[in-house]
Amino acid sequence: MSRQDLARLEGFLEMMSAERGAAMNTLASYERDLTDLMAFLSSRQASLTEATTADLSAYLAHLSAQGFAASSQARRLSALRQFYKFLYSEGVRTDDPTGILDAPRKGRSLPKTMSVASVTSLLAKAAEEASLEGPGQLGRIRMHLLLELLYATGMRVSELVSLPAKVLRHEGRFLMIRGKGNKDRVVLLSRTAIEAMERYDEARTALAPKGKSDEESPWLFPSASKEGHLPRQVFARDLKDIAIRAGLTPSAVSPHVLRHAFASHLLQNGADLRAVQELLGHSDISTTQIYTHVLEERLQELVQTHHPLAKQGKNLD
């Protein structure tokens, strides 16, 4: 490492501290990253101050080969950009070698979901508990309806808990939902969801405490909360409780996971991605494309099952 490079690095850190007010942890991070770059450039007989775009690109490739996550590589590139902008602004360089470097793409994590068997167990447990007479039955019937609606429609939890009571008077298997941006969309109710809704409607009058009826509330799932309806946090907590009773891992079950299960199971059974986009209320198809892995798995299975060459391969085995 040349004295010149060390002096440039020291000057950069002083600027970040004095002019930008960078925290000590930030300064230490910049120093580590740029010192690591200097060591790499030294192995290429290159200097930090005079490094070319090719040198820096090779460094990023080196980080990738070392197993650095895309987020870590992006952070290193950010440090490089700050440093070479500093050299340019100081007149040390007439160009910025990081100008055309692209940050590594971060892999989009696949959504957590549940198997059909797990969802079936959850709904079966909710139906079983809803049929138990005695104290708390109205709450158990409500939970059964919440789960049936969530899995049948893929609603966001905020949309679910804030459903108006007037949906009980709807006719047919379709329901109008008001989602993000006050956009309305139509969702399809399953037969079991319709039955659970009818049972809940009857129970609201028959099982309500004396002198109090949920029919007076404008919400389908009324509560004493400030919103007037069931808080989504309470539903999420109760969902984990029933998941435990159904023999499932509570950390793997949430309202959002059930929404993902709705979408994944539709695609596994042949639904079109555009149709799922409409049902989920995604304004952009790119949001729905997190489920393309499901489509890829289904296409591979389709080819293996029906393609003539695949069949020949099976026969040869």
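The values are calculated or read from the model by the stated rules, or taken from the named source; none is laboratory data. What you see is a predicted model; the values in this text were computed from it and never measured. When we count neighbours, we look across all protein chains shown, and the Cβ atoms used for this are built from the backbone with ideal geometry, even at glycine. What goes into the accessible areas is simple: the full protein's heavy atoms, side chains included, and nothing from ligands, DNA or RNA. Shrake-Rupley method; radii C 1.70, N 1.55, O 1.52, S 1.80 Å.
Could you list, in sequence order, all residues of segment 241-250 that are open to solvent by 70 Å² or more (accessible area, probe 1.4 Å) and either aromatic (Phe, Trp, Tyr) or touching a Pro at 6+ places or on another chain (Cβ under 7 Å) (or both)? Once the filter is applied, which keeps residues that are open to solvent by 70 Å² or more (accessible area, probe 1.4 Å) and either aromatic (Phe, Trp, Tyr) or touching a Pro at 6+ places or on another chain (Cβ under 7 Å) (or both), segment 241-250 yields only ILE244. Within segment 196-208, is there a residue that is surrounded by fewer than 18 Cβ atoms within 10 Å (Cβ to Cβ) and under 27 Å from VAL276 (Cβ atoms)? Within segment 196-208, none of the residues are surrounded by fewer than 18 Cβ atoms within 10 Å (Cβ to Cβ) and under 27 Å from VAL276 (Cβ atoms).
Using the structure shown, decide if THR53 is of a type in the set (S, T, N, Q), touching a residue at least 24 places away in the same chain (Cβ under 8 Å) and touching a Ser or Thr at 6+ places or on another chain (Cβ under 6 Å). It is false that THR53 is of a type in the set (S, T, N, Q), touching a residue at least 24 places away in the same chain (Cβ under 8 Å) and touching a Ser or Thr at 6+ places or on another chain (Cβ under 6 Å).
Could you tell me whether any residue of segment 232-240 is within 26 Å of GLU278 (Cβ to Cβ) and either small (Gly, Ala, Ser) or open to solvent by 40 Å² or more (accessible area, probe 1.4 Å) (or both)? Checked against the condition, which is being within 26 Å of GLU278 (Cβ to Cβ) and either small (Gly, Ala, Ser) or open to solvent by 40 Å² or more (accessible area, probe 1.4 Å) (or both), segment 232-240 yields at least one hit. Residues in segment 251-279 that are buried (at least 20 other Cβ atoms within 10 Å of the Cβ) and in contact with a strand residue (DSSP E or B) (Cβ under 9 Å, 6 or more places away or on another chain): 1 in all. Any residue in segment 164-184 that is touching a residue at least 40 places away in the same chain (Cβ under 8 Å), surrounded by 20 or more Cβ atoms within 10 Å (Cβ to Cβ) and not β-branched (Val, Ile, Thr)? No.
Number of residues in segment 241-268 that are closer than 17 Å to LEU189 by Cα and modelled with pLDDT under 85 equals 0.
Hey, among MET143, MET114, which residue is modelled with pLDDT under 95 and not acidic (Asp, Glu)? So that I can check it myself, show each step before the final result.
Working: MET143 fails: modelled with pLDDT under 95.
Only one candidate passes the filter, namely MET114.
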